[in-house]
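What follows is a set of notes on a single structure, which appears directly below.
The values are calculated or read from the model by the stated rules, or taken from the named source; none is laboratory data. Worth saying up front: this structure is predicted, and the values here are computed from it rather than measured. Note that we place each Cβ from the backbone using ideal geometry, even for glycine, and neighbour counts take in every protein chain shown. The protein model used for the area step is the full one, side chains on, heavy atoms only, and it has no ligands, DNA or RNA in it. Shrake-Rupley method; radii C 1.70, N 1.55, O 1.52, S 1.80 Å.
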Amino acid sequence: MSQIKHIILFIFALTCLSAQVADTAAVSVPPQDDVAAPLTMAAPLSPDAMPTVAVLDFENNGLPVYEVESLVERLRSTVSSTGVVRLLDRKILEKILEEQGLQQSGCTTDECAAEVGQLLGAQYMIGGAIGKLGDTYTVEARWVSVSTGATERTETITYEGPVGGLVSKMEDLGWQIIGAQRVELETVVADTGTITVAILDFEPRGINALEAQTLTDRFATEINSTGRAVLVDRRQMTEVMQEQGYEQAGCTSEECAAEVGALLGVEFMINGAIGKLGDTYTIDVKMFNVQTGTAERTKNVTYTGPVDGMITEIEILAWLMMGLEPPDYLVEKQDKSGERLTDVLANFLLNYKATVRSALVPGWGQLYYKDNTMAGMLMGGGALMGFMLYNARNNYKSSKAKAIEFHGLYMDATKLVDLRSYKATSKDHLSDTKRANNKIKIYGTLLGLTYATNVFHAYMLDKSQLASGNFPRFELAFNPELNAPQLRLSIALD
Amino acid sequence: MRWIKPLCTALALLLTACEIPNLLFDNVLDVEDSDVPGITFNPGVAETTVGGTASVKIYVMEVDNLGGVHAQVQFDYTRLTVTSVAAGTFLGGSTVSAPIFIYENDGAGTLDINTFYMGAGNGVSGTGDIATIVFTTNTAGQTYLNFTEQTEMVDADDNPITIKSKARGMVVAK
């Protein structure tokens, strides 16, 4: 995302307000544990100067295999795009593991990771596990130094909600595990002139090969439309690959792509993967330089909705991969058509569940959506109004009973002194009754409004917010400049 | 959404269920200071059925040192018949002597009630009933009960007490 996702509105801190300006030109690294070697750079490093890292497949505890693959792929894509480390190709890793008679997911110990890392020539290895217990997902990632064989850093995330929401968490984890602070990086491919590109079929994960191929074709067509790239004919590429004994579907490694790219005489190769997590789709695309073998640009997209809505996403992605702004008609199409409309339809069931929950207990639906701030406000507001209403109703009942009681005494009295006393008391209680009745109306109306707001809010909540976490929220964050924790309220404006 | 209707109904009930009671402060004995001492019927309006009986008390209000009362009541004798007249409790409050109670119904719509203490220096103060009259209704409709100008009150020394208000009563036969 190129937009600023969040603007910090308020900073409630142990110290007074201090503006925190992120330096987008440099990747800064927050203080790490003593054991963790921080990765720092003041300016983008050349690929050779970057530490080399390989990401093992994560141990799967209770999720479909393709979901774990997609999530780990997003982690790889994020790590690769940080510009802080150089990610080693997954296929080479798989080959070495195969030679060693290991499966990736079976290499769970630090010793194994270090051993494989040495064979790969990597300096660091990232491994971990993804587990699911009920609706809660837990992801644990380890940063292992190949030279020492020790885990230097571990990061754990716990997440409750639809599996699609894990995608953004994996992106966060990608930054955290390498010990870098998240920034939006723009790649440095020259944005002028024409380049020659070949596109390999995207790897399908959780969708069928035909869908992946169709999307790849649409991507290639759109790349062509940008006018920025000269595409190698698909047939020509297939012929070359067949001559070399490759199948397109099998050529997913950088090594293979570079080899094919060299034979085709192209400057850049593009490959990628399309994954499905629940009803959320992920697209991870990588363009690398055939000459240097390094990734020049990586982009990823997370999309929720039916698979045909991916077409617009992938068309936009094609422009972004070429370092160009997507044309307005595509952006409008993204806003108006497929995504938004289908999002609403796709969200209906979830919204219905949240709405029913909120209808039963104000704030429950918001809790279901993890909108804890709103849930707290609605629950608190509802409870307060309910208490005030209950109190006013009790006052009304007791005042009314007393007014009637003293009126009866007044009617039966014969002494003027008693008459007047009973009359005054009865009238006082009658006034209290009227006041309590007015309060009942006010609190009842407020309670009704709170309730209606609560139900309406639950119904209108956007599921994509859940995935991206774009809720107004309080969070505790460490401010490295002040060397102190801060409580922040952030609200997404996009 | 099926729950919307019951929800709105419940909310509407909650908001409209609270009614303010309509209390009428119309006790006939509840008079202004400028209207006492006075004499009145209690209840102000006695309701019954045709042929039924209605009991009405005569009250004196906020009198000081009352020694005797002559109450002359007029009514439409074609509509009401006096069934009985009994002494009230107010003058019975004296510890000196028992009151004398005499009444006379002329059968033509005038009822004279006299109640007094014998001798001087024997009086009571405050508000209380001096007689209870039971009427039988003859026809349907409203019949007014009025105190005439002959109605008077005297203190223990037989000095007249100025009556500032004489309220009329009503018997309604339905």
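The stretch between A:Val361 and A:Glu332 holds 6.6 nm of extra length on full extension. This uses 0.36 nm per residue minus the Cα-Cα distance. The residues of the stretch A:383-434 present an accessible area of 58 Å² per residue when probed at 1.4 Å with all protein chains retained. Counting only protein heavy atoms and a 1.4 Å probe, the stretch B:18-109 has 48 square angstrom of accessible area per residue.
On full extension, the segment bounded by A:Met460 and A:Glu243 gains 72.5 nm, given 0.36 nm per residue less the C-alpha separation. With respect to chain B, whose longest principal axis is taken over its alpha-carbon atoms, helix B:4-16 is tilted by about 20°.
For a quick check, take a GNM of chain B with Cα springs below 10 Å and name the residue from B:Met61, B:Met153, B:Met118 with the largest mean-square fluctuation. Answer for the Gaussian network model of chain B: B:Met118. With the simple model of a label 7 Å out from the Cα in the direction of the Cβ, A:Arg435 to A:Asn372 spans 4.1 nm. Counting Cβ atoms of other protein chains within 10 Å of each Cβ in B:20-32 and taking the mean gives 6.
For the stretch B:26-66, the alpha carbon convex hull comes to 65 Å³ per residue, rounded to a whole number.
Per the accessible-area calculation with a 1.4 Å probe, the total area buried between chain A and chain B rounds to 2400 Å². Heavy-atom surface analysis with a 1.4 Å probe gives the stretch A:199-298 a carbon and sulfur content of 44 percent of its accessible area. The magnitude of the dipole of the stretch B:14-141, with charges of +1 and -1 set on the Cβ of Lys/Arg and Asp/Glu and taken from the Cα centre, is near 440 debye.
Using a cut-off of under 19 Å, list every residue of the stretch A:426-449 whose amide N is near the label point 7 Å from the Cα of A:Tyr390 along the Cα-to-beta-carbon line. Hits in the stretch A:426-449 for A:Tyr390 at 19 Å: A:436-437, A:439-449. Mark the label point 7 Å from the Cα of B:Asp35 along Cα→Cβ and return the residues of the stretch B:51-70 whose backbone N is within less than 14 Å of it. What the label zone holds, given the 14 Å backbone N cut-off, is B:59-62. Atom-type composition of the exposed protein surface of the stretch B:26-174 places 47 percent of the accessible area on carbon and sulfur (1.4 angstrom probe).
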